[in-house]
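First up is the structure itself, then whatever we jot down about it.
The values are calculated or read from the model by the stated rules, or taken from the named source; none is laboratory data. Nothing here was measured: the structure is a model prediction, and the numbers come from that model. Every residue, glycine as well, gets a Cβ built from its backbone with ideal geometry; the counts of neighbours run over all protein chains shown.
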Amino acid sequence: MPDPALLAEIMVYEIPTLPAYSILAASLEFSDPFFSEATSGNPDFAIDGNRLQVNPRQNYFGAQNRLIVHYAGIRDYSLLFPHIDTPALQQRLGQFAEEAEKAFDAGAWMSFVMMAGAVIEGLLSVQYHKRKFHQLIDSAQDSGLLSERDAQRVHDVREARNTIHADRYQDPFVDRCLAMDIFQIYDQLIKRHWSAGA
C-alpha cells in the first residue's frame, strides 16, 4: 500500500483501482512490524472513491496496513486501468477485460486467451511503446516485468491467437492448462501498480 499522506490525525491512502469494485464489505488489518503481531484496537476507516481514510485511535506510526475487500463484481472494468491517460484505450482494455472474465467463467479457453492476450498487449504497449506484440513481450522480459517462463507463456498466447485463421487448423487448440497459466500472469499484470501515464 502506498505511503500515507497525513492530514491532521487521519491517514489517507490512494488506491487507484478501488472504484472499479462493487464493494460489499471491507476490513483493515493493522499490524505493528516492531512487535510482529496484530495491534489491538484496529482503527476506524472509511472508503471514499479511490481513497482509504484511516482514523487511528492511538499512535500507529510504522505499522503495516492491509485492506481486505469483499466485492460482488467489477462495476466498471475500465477503472482497472487508471494509469492509462487515453480514455478510448482505457475503455477498450476494460471491454477486453470484461470479455476475458466472462470467457474464463464459462470455460471458453480460446476466447479467454484471446481477450487476456489483448489486455496484456495493451498494457505492455503503453509501458514499452513498441508496435509488435513479440517486441513488447521481449521488452517486458528484458526489464524484469515478466520472468522467462511467463514471457514464454505470453508468446504462447501470441501464437494461439493466430489459430483463428482457417489455414492454421493443424496448430494445437488452446487448452485449460495454457488458460490457467495465462490467468495467473494476466491477474498479476492487472493488479500491478503501474505508474500514471505509463
List, please: which pairs have Cβ atoms under 9 Å, are six or more places apart or on different chains, and start with a residue in the stretch 132-144 that is outside the structural domain of Gly122 (by TED's automatic domain parsing) and end with one that is surrounded by 13 or more Cβ atoms within 10 Å (Cβ to Cβ)? none
Any chance the stretch 177-194 includes a residue that's farther than 27 Å from Ala20 by Cβ and either modelled with pLDDT under 95 or in the same structural domain as Glu14 (by TED's automatic domain parsing) (or both)? yes
Among what's in the stretch 8-32 and is within 15 Å of Gln53 (Cβ to Cβ) and outside any strand (DSSP E or B), pick the residue that is modelled with the lowest pLDDT. Ala8
Here are Arg92, Arg75: which of them is in contact with a helix residue (DSSP H, G or I) (Cβ under 9 Å, 6 or more places away or on another chain), at pLDDT 75 or above, crowded, with 17+ Cβ neighbours inside 10 Å and more than 18 Å from His193 (Cβ to Cβ)? Arg92
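The rows are residues; the columns are (1) within 17 Å of Arg192 (Cβ to Cβ); (2) among the small types (Gly, Ala, Ser).
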site: Ala103; (1), (2): no, yes
site: Leu124; (1), (2): yes, no
site: Lys130; (1), (2): no, no
site: Phe133; (1), (2): no, no
site: Leu146; (1), (2): yes, no
site: Arg158; (1), (2): no, no
site: Asn162; (1), (2): no, no
site: His165; (1), (2): no, no
Within the stretch 149-198, which residues are aliphatic (A, V, I, L, M), free of Cβ contacts under 8 Å to residues at least 60 places away in the same chain and surrounded by fewer than 11 Cβ atoms within 10 Å (Cβ to Cβ)? Ile164, Ala166
Examine the stretch 146-166 for a residue that is more than 15 Å from the chain's Cα centre (by Cα), under 24 Å from Ile84 (Cβ atoms) and not assigned by TED's automatic domain parsing to the domain that holds His83, and state whether such a residue exists. no
Could you give every pair whose Cβ atoms fall below 6 Å, whose first residue belongs to the stretch 111-125 and is under 10 Å from Ala97 (Cβ atoms), and whose second residue is surrounded by 22 or more Cβ atoms within 10 Å (Cβ to Cβ), counting only separations of at least 6 or pairs across chains? Met115/Ala100; Ala116/Ala100; Ala116/Ile182; Ala116/Tyr186; Val119/Leu93; Val119/Ala97; Gly122/Leu93
Residues Thr86, Thr163: which one is of a type in the set (Val, Ile, Thr) and over 24 Å from Arg75 (Cβ atoms)? Thr163
